[in-house]
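First up is the structure itself, then whatever we jot down about it.
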Amino acid sequence: MLDYYLRNRPSLPIQLEIFDAEGKLVRGFASDDVLYKTNPNDVPIQVEWIRDPKPLLAEAGMHRFVWDLRYAMPKGMRRSFWGPAGPLAAPGNYTVKLTANGKSSTQPLTIKLDPRVKTPQDALERQFGLASKLAARLGEVSLALQQAGDLRKQIDARKKEAGGNAELLAALQELEKKMESAVEPDSDAEFGLFGFALPGKEHEPLPRVEGTLTRLLIVVDSSDMGPTTDAAAASVRWEEAARETLGRWSSFQKDDLANVNGLLEKAKLKPLVTSP
């Protein structure tokens with residue numbers, strides 16, 4: 001719990017930042033952040049069980065802000081009501097920095113291990129390292145899925161614009177077929193934490209990689225005993241599968257997309273593009 005006092009209401013948004021012992025940014029908050037809010041109609045549980053993020057208040061007076069001791073989620077990672085969140089910070093020394101009206105002040109912050117937990121520091125650091133690696137890869141996969149969703153909409157639009165161009169329509173349909181195989185739904189998603197195993201011999205589609213990395217991250221990060229042998233081994237295998245899947249997605253954008261864009265250019269239609 002971080003307490004701070006503002007004598008007057010600042011003219012600019014305030015910022016609250018947490019840095020690790022090496023000075024690297026762990027988490028940043030601002031009073032003008034656009035906060036995620038759960039739609040009660042989208043969750044199968046009582047909404048009272050869900051804790052949406054609270055704003056960093058910039059009014060004059062005394063305030064209390066609660067940091068959940070977690071690193072930021074990687075860019076691209078999609079939120080859900082049950083997780084995952086960013087990796088849990090390991091015990092150690094941190095620094096909190098508050099900036100208001102261009103002036104900053106800092107205070108030291110020490111995260112201590114629960115006295116009931118006897119896990120060695122090196123095991124907790126291995127846990128943090130594995131969770132961070134899974135989270136980073138999950139962010140890349142989630143971004144790829146967002147690209148695929150946007151690309152699907154563009155393909156639908158170009159098919160309508162193609163008119164009677166049979167060659168172009170056939171190319172767009174073939175491209176759509178290849179993309180759909182890359183984003184085939186995760187058949188194990190309904191089983192939650194229990195619906196994943198080691199990757200198979202076949203190419204894993206993006207949704208299954210995303211779903212499994214999500215479950216692995218939750219499993220790894222929810223323990224206070226360090227990563228188990230099974231979790232570490234599964235993470236290695238799924239890391240390899242994720243790299244292969246992302247490599248195929250990159251090749252799809254580089255080669256297949258370029259071929260169709262050549263036909264679109266001849267037809268004087270907009271090219272298919274994916275966001276960086």
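The values are calculated or read from the model by the stated rules, or taken from the named source; none is laboratory data. The model shown is predicted, which means the values in this text are computed figures rather than measured ones. Here the Cβ is made from the backbone with ideal geometry for all residues, glycine too, and neighbour counts use every protein chain on show. Only protein heavy atoms, including side chains, enter the accessible area calculation; ligands, DNA and RNA are left aside. Shrake-Rupley method; radii C 1.70, N 1.55, O 1.52, S 1.80 Å.
Odds and ends about this structure:
- Take the Cβ atoms of Arg243 and Asp32, set R0 to 25 Å, and the FRET efficiency comes out at 0.10.
- Solvent-accessible surface of region 90-178, averaged per residue with a 1.4 angstrom probe and all protein chains in place: 57 square angstrom.
- Using a cut-off of 27 Å between Cα atoms, the listed pairs Lys133/Lys177; Lys37/Lys159; Lys54/Lys75; Lys177/Lys254 include Lys133/Lys177; Lys37/Lys159 as exceeding that distance.
- Anisotropy class assigned to region 46-143 is oblate, per the alpha carbon gyration tensor with a/c at or over the 1.5 cut-off and a/b no larger than b/c.
- Taking region 107-217 and dividing mean pair separation by its residue count, relative contact order in percent (alpha carbons under 8 Å, at least six apart): 32 percent
- A cut-off under 15 angstrom between Cβ atoms defines the neighbours of Asn165, and their net charge, with Lys, Arg +1 and Asp, Glu -1, is +2.
- Assuming charge only on the beta carbon of Lys and Arg (+1) and of Asp and Glu (-1), the dipole of the chain about its Cα centre is about 760 debye to the nearest 20.
- For semi-axes √(5λ) of the Cα gyration tensor in Å, the value computed from the atomic coordinates appears in the list (i) 41, 26, 17; (ii) 38, 23, 16; (iii) 32, 24, 15 under label (i).
- Heavy-atom accessible surface of the chain: percent carbon and sulfur, 1.4 Å: 53 percent
- Over the chain, DSSP H runs of length four or greater, each weighted -39,500 (n - 2.57), average out per residue to a 222 nm ellipticity of -13500 deg cm²/dmol.
- Helix runs (DSSP H) in the chain reaching 20 Å along axis by Cα, Kyte-Doolittle at least -0.5: 166-182, 206-221
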